[in-house]
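The values are calculated or read from the model by the stated rules, or taken from the named source; none is laboratory data. What you are looking at is a predicted structure, and each value in this text was computed from that prediction instead of being measured. Every residue, glycine as well, gets a Cβ built from its backbone with ideal geometry; the counts of neighbours run over all protein chains shown.
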Amino acid sequence: MLGRLVLALAAAFLHQSSATSMKIDYLKLTDVRTDPITHPGGPSPHVHSFYGASEAAPSTTYEKLRAAAGNTGNVKENKSLYWHPTIYRYDKNTGRFAVQSTSYFSTYYIWPTGDATAFPDGLKMIGGGAGTATESRPESDCSNPGPCPDGDCERWNDFFPATSCDELEMSMLMPSCWDGVNLDSADHRSHMAYPKNSEADGKCPETHPVRLPQIAVFTRIAPYLGGVHLFSDGTGHFHADYFSGWKSKELQEVLDECENDSMFSAPTGWCEDHVTFRDAPKDEDAEDEELREKLVPLQPPAFDASAISDEPVDDVAHLPGGNQPVVDATPRCVEQKSKKACKALRYSDTEFPLGGKFGKRKACKWTKESDDDEDEEDEDESDSDADSESEDEEDEEDEDESDSDADSDSDSDSDSDKSDKKRALRWYLKKKRQKRCKAKDACGELKGKKKCKKFGAASRCVYEGGECFFEGE
């Protein structure tokens, strides 16, 4: 969270042109195997979670969105519909898949003030998914990581952590450059493109010259139980669909007139003087749970998904649509349990696949639990240090035992106290010597702007302020 805040502040400082973001929150409408963009004539290949206007039928049109009686979002004028593959948790004991409830969903509209065109009425697009990570920047941010359930840290992909979290916040970016002609395309992507460096004010390609607002999609699970999680298509690839339900003329006024100096996903950027927030007044100090509670009374009647499909989608033995789970988890340093396995892992085999000769470098270090900054070169010395500590421990235990013999006439409470202290000392010294496998700073291996850009692109390394660092920090 802190790393994202630092980047946000840096972005606000670097972008001198006027900038704006607008946060809109939603609760989930329904989970159903349909997709009004890719499969307007019937069921889709996998289940989706829907947010926004109370329409989810395959035949949904712009006119139906505008006429929708309900809306799970908090902005009256926004009748758009958003959806992403439903998130499942697999229970290894029962062999069943359970839909995971999202605490709440948000979209951040980000644009340079006065330099963006409103979504044309009925625009459709898909963003993210396999092969788009560099542009869509998918992230899963685990707040206050806890243990894996029952100590089992198996995972099937790189997106969902095996550890529990107070909250898992997932995000990605939608494309924001339009070809200026088509509301959709055969693959539902080609009429759209990402701007340079996926920045909201980045240059659009000549083939897609019209800048639209960038939509940053955020969804959350709180609490996140850990264990095996996956999307309904069987993967860990985050993608999202968008069907605009705005009146373009109304949205254009917001894009031209609202300004709050935030060219990033600002949690307190609202443009509340330009759109109607149904949960007004807005509160900069409101916590997530408070935000969610204010959305509850705004929700439309429970959506009857059976009118679309009566297929069971929750607590099922197989993913609906016949999708097979894809087990494709990249090795991580923290999962290596031995020194040999730890030192064998190279960057090219991890989630930070540095290019060129750097990919062959060791990605992990075997280090003391209590020493995060210990260098690999010091490992042999630390081994000998551990032996010395072991001898010191034995000497201290002998001294304690001698002291105990000398005070054999003491009462039983005193003996018990000394025994507890010895046990605590043994635990402390053992913990101090305990080692585990930790990841090195992959981007930090790349010295200089040229190397950072050339060999760190696939690992999302960026160069700024004379340093190469991971973009998600």
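Determine which single condition Ala286 fails, assuming it passes every other condition in (1) of a type in the set (A, V, I, L, M, F, W, C); (2) surrounded by 11 or more Cβ atoms within 10 Å (Cβ to Cβ); (3) at pLDDT 95 or above.
(3)
Restricting attention to region 230-240, which residues are part of a loop (DSSP other than H, G, I, E, B) and either touching a Gly at 6+ places or on another chain (Cβ under 9 Å) or of a type in the set (S, T, N, Q) (or both)?
If we filter region 230-240 for residues that are part of a loop (DSSP other than H, G, I, E, B), which is where we start, we get 232-238.
Hits for region 230-240 are Ser232, Asp233, Thr235, His237, Phe238.
Cβ-Cβ below 9 Å, separation at least six or inter-chain, first residue in region 327-352 and closer than 9 Å to Cys437 by Cα, second surrounded by 15 or more Cβ atoms within 10 Å (Cβ to Cβ) and aromatic (Phe, Trp, Tyr): which pairs?
Gln336/Trp366; Ser338/Trp366; Lys339/Trp366; Cys342/Trp366; Lys343/Trp366
Taking region 160-192 on its own, how many of its residues are acidic (Asp, Glu) and farther than 21 Å from Ile37 by Cβ?
Residues of region 160-192 that are acidic (Asp, Glu), as a first pass: 166-167, 169, 179, 184, 187.
Those left that are additionally farther than 21 Å from Ile37 by Cβ: 166-167, 169.
So the count comes out to 3.
Select, from Gly131, Gly114, the only residue that is more than 18 Å from Arg33 (Cα to Cα) and under 22 Å from the mean Cα position of the chain (by Cα). Don't jump to the end; show me each part of the working.
On the way: Gly114 fails: under 22 Å from the mean Cα position of the chain (by Cα).
From the options Gly131, Gly114, the qualifying one is Gly131.
Among the residues of region 267-283, what is the count of those that are modelled with pLDDT of 95 or more and among the small types (Gly, Ala, Ser)?
Result for region 267-283: 1.
Which of the residues belonging to region 160-192 are closer than 30 Å to Pro145 by Cβ and part of a loop (DSSP other than H, G, I, E, B)?
Let us first name the residues in region 160-192 that are closer than 30 Å to Pro145 by Cβ, namely 160-174.
Phe160, Pro161, Ala162, Thr163, Ser164, Asp166, Met174 - these are the residues of region 160-192 that are closer than 30 Å to Pro145 by Cβ and part of a loop (DSSP other than H, G, I, E, B).
Taking the condition under 30 Å from Ser59 (Cβ atoms), aromatic (Phe, Trp, Tyr) and in a loop (DSSP other than H, G, I, E, B), does Phe119 pass? Don't jump to the end; show me each part of the working.
Numbers: under 30 Å from Ser59 (Cβ atoms): yes; aromatic (Phe, Trp, Tyr): yes; in a loop (DSSP other than H, G, I, E, B): yes.
Spelling it out, Phe119 is indeed under 30 Å from Ser59 (Cβ atoms), aromatic (Phe, Trp, Tyr) and in a loop (DSSP other than H, G, I, E, B).
Could you tell me whether any residue of region 286-295 is small (Gly, Ala, Ser), more than 27 Å from Phe97 (Cα to Cα) and without any contact (Cβ under 8 Å) to a residue 24 or more places away in the chain? Step through it out loud before you land on a result.
Within region 286-295, the first condition is being small (Gly, Ala, Ser), and the residues that meet it are 286.
Then keep just the ones that are more than 27 Å from Phe97 (Cα to Cα); that gives 286.
In the following step, the residues that additionally are without any contact (Cβ under 8 Å) to a residue 24 or more places away in the chain were identified as 286.
Scanning region 286-295 turns up at least one residue that is small (Gly, Ala, Ser), more than 27 Å from Phe97 (Cα to Cα) and without any contact (Cβ under 8 Å) to a residue 24 or more places away in the chain.
Taking the conditions exactly as written (touching a helix residue (DSSP H, G or I) at 6+ places or on another chain (Cβ under 8 Å) and either in a loop (DSSP other than H, G, I, E, B) or not hydroxyl-bearing (Ser, Thr, Tyr) (or both)), does Gly41 satisfy them or not? Don't jump to the end; show me each part of the working.
Working: touching a helix residue (DSSP H, G or I) at 6+ places or on another chain (Cβ under 8 Å): no; either in a loop (DSSP other than H, G, I, E, B) or not hydroxyl-bearing (Ser, Thr, Tyr) (or both): yes.
Taking the combined requirement at face value, the residue does not satisfy it.
Per-residue answers, yes or no, for (1) touching a helix residue (DSSP H, G or I) at 6+ places or on another chain (Cβ under 6 Å); (2) crowded, with 18+ Cβ neighbours inside 10 Å:
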{"site": "Gln434", "(1), (2)": "no, no"}
{"site": "Cys437", "(1), (2)": "yes, yes"}
{"site": "Asp441", "(1), (2)": "no, no"}
{"site": "Lys447", "(1), (2)": "no, no"}
{"site": "Cys452", "(1), (2)": "no, yes"}
{"site": "Ala457", "(1), (2)": "no, no"}
{"site": "Cys461", "(1), (2)": "yes, yes"}
{"site": "Phe470", "(1), (2)": "yes, no"}
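Just need a number here: residues in region 200-229 that are crowded, with 18+ Cβ neighbours inside 10 Å and either assigned to a loop (DSSP other than H, G, I, E, B) or at pLDDT below 95 (or both).
8
Tally the residues that are crowded, with 20+ Cβ neighbours inside 10 Å and polar (S, T, N, Q), restricting the search to region 105-139.
Qualifying residue count for the region: 4.
Could you list, ordered by first residue, the pairs with Cβ atoms under 9 Å in which the first is in region 150-168 and under 20 Å from Gln324 (Cα atoms) and the second is hydroxyl-bearing (Ser, Thr, Tyr) and in a loop (DSSP other than H, G, I, E, B), at least 6 apart or interchain?
Cβ pairs passing all conditions: Trp156/Thr235; Asn157/Thr235; Asn157/Thr330; Asp158/Thr330; Phe159/Thr235.
Can you find even one residue in region 173-180 that is at pLDDT 95 or above, in the same structural domain as Lys79 (by TED's automatic domain parsing), surrounded by fewer than 21 Cβ atoms within 10 Å (Cβ to Cβ) and of a type outside the set (Phe, Trp, Tyr)?
Taking region 173-180 first, the residues at pLDDT 95 or above are 173-180.
Then keep just the ones that are in the same structural domain as Lys79 (by TED's automatic domain parsing); that gives 173-180.
The next check asks that each one be surrounded by fewer than 21 Cβ atoms within 10 Å (Cβ to Cβ); those that pass are 179-180.
Applying the additional criterion that residues be of a type outside the set (Phe, Trp, Tyr) yields 179-180.
Yes, the conditions are met somewhere in region 173-180.
Cβ-Cβ below 6 Å, separation at least six or inter-chain, first residue in region 298-312 and more than 16 Å from Gly73 (Cβ to Cβ), second among the β-branched types (Val, Ile, Thr): which pairs?
Ala305/Thr30; Ala305/Val32; Ile308/Val32; Ile308/Thr34; Ser309/Val32
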